[in-house]
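The values are calculated or read from the model by the stated rules, or taken from the named source; none is laboratory data. This one's a predicted model, so the numbers in the text were calculated from it and none came from an experiment. Here Cβ is always computed from backbone atoms with ideal geometry, including for glycine, and neighbour counts include all displayed protein chains.
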């Protein structure tokens, strides 16, 4: 998923999946994140942040 | 899409298939287990097995979170869902898993307030929106999903939410792999390791496979070329006489895993002495429960849970499928009495189940010629 907006105080981010649907995602395990970052998400929690040049190699 | 297309490139796939053909020893039969159900689906979705020589066999492992939940746990969930004032929440896949007397979906149809959620955070949100109700989350999954439950419990504690609790059925990946390796039923030559579990736990926990059992393991990504590449890496290890953990999925998996995820899991969970796995029976130290510090948010302590052990249906051979002993189409009820619409076994329910992969991608029966 791609980070759209960050709520750093609550450890959450609004993220968009490949189809454009938006979800609220826990980001505590991969912080700091910024809009445009790509993250690997399982059950609503980001478990890995992906390097920008490698991010699109992963179907999240 | 950039990079995704490269990892699905047909010409590169053919090239890797040619490399695999050049690496195999004619006359030798190779049996590799892909541990993760996500790999099983990629293999059949993209026809990876059609690119392999006939003497390279892929068998499917126990890494499907829904598939390994025993019937008794489903019954416990349904009992909780029928408690007065309870809103029971779970992932969509769990809704259709048969218990001994119907599924959660059927319990919902019978009037229980059961809601499908995308994440434990959604369940916590329902709890905040319904302060006069008790909200229970049925937590399942391996180490990929457990950190999400752990973070949600910490959030519930921090936000002072008291009407939220978790029925914890999280499991860990190493004990079932060790049980499989100890099993006399199965002779394996190597493993395609679970990429997303390894994102959390790292590749290091799999070192026991080469060290104690002399088998290679390659942690792999989920695109078709990732899987073909991992198979070439296993074959090279075998040909070189090496036996080690290799990380094909280094673009996502750090060898040491995600320390923050491991720390939050260590804080919130502790190992159960035993946990029952569908088809595999009781495996020591393979399941997680809430730690003493979070015992007040443990649904099994807050409510009375029957905890009765229920034998799997006789017709169902999910156990043998999960152990890689039989292929899904070898099960007596595959595709006839047991279909995704009316599943008997968990492997047909889950999007990660081997039976569902075979059924959805048309592999109703297949005998491969063995060299």
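General observations
- Any chance residue B:92 is exposed (fewer than 15 other Cβ atoms within 10 Å of the Cβ) and within 18 Å of residue B:232 (Cα to Cα): no
- Flag: residue B:101 does not match the condition of being closer than 16 Å to residue B:139 by Cβ and out of contact with any strand residue (DSSP E or B) (no Cβ under 7 Å at 6 or more places or on another chain).
- Taking the listed residues B:197, B:192, the one that is at pLDDT 95 or above and in a helix (DSSP H, G or I) is B:197, with no other qualifying.
Here's the yes/no breakdown for (1) under 29 Å from residue B:240 (Cβ atoms); (2) in contact with a strand residue (DSSP E or B) (Cβ under 8 Å, 6 or more places away or on another chain):
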| site | (1), (2) |
| --- | --- |
| B:28 | yes, no |
| B:31 | yes, yes |
| B:35 | yes, yes |
| B:39 | yes, yes |
| B:46 | yes, no |
| B:49 | yes, yes |
| B:53 | yes, no |
| B:62 | yes, yes |
| B:66 | no, yes |
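- Test: residue in the stretch B:17-25 that is within 24 Å of the chain's Cα centre (by Cα) and either within 14 Å of chain A (Cβ to nearest Cβ) or in contact (Cβ under 8 Å) with a residue 12 or more places away in the chain (or both): no
- Index of the failed condition, residue A:45 passing every other in (1) facing chain B (nearest Cβ under 7 Å); (2) modelled with pLDDT under 95: (2)
- Selection within the stretch A:29-42 - touching a helix residue (DSSP H, G or I) at 6+ places or on another chain (Cβ under 7 Å) and either more than 10 Å from chain B (Cβ to nearest Cβ) or under 18 Å from residue B:118 (Cα atoms) (or both): A:38, A:40, A:42
- Per-region count, the stretch B:95-121, residues buried (at least 19 other Cβ atoms within 10 Å of the Cβ), within 14 Å of another protein chain (Cβ to nearest Cβ), without any contact (Cβ under 8 Å) to a residue 40 or more places away in the chain and not in a loop (DSSP other than H, G, I, E, B): 1
- Filter pass, residue B:191 being surrounded by 23 or more Cβ atoms within 10 Å (Cβ to Cβ) and assigned by TED's automatic domain parsing to the domain that holds residue B:17: yes
- Among the residues listed as B:158, B:127, the single one being more than 12 Å from chain A (Cβ to nearest Cβ) and part of a helix (DSSP H, G or I): B:127
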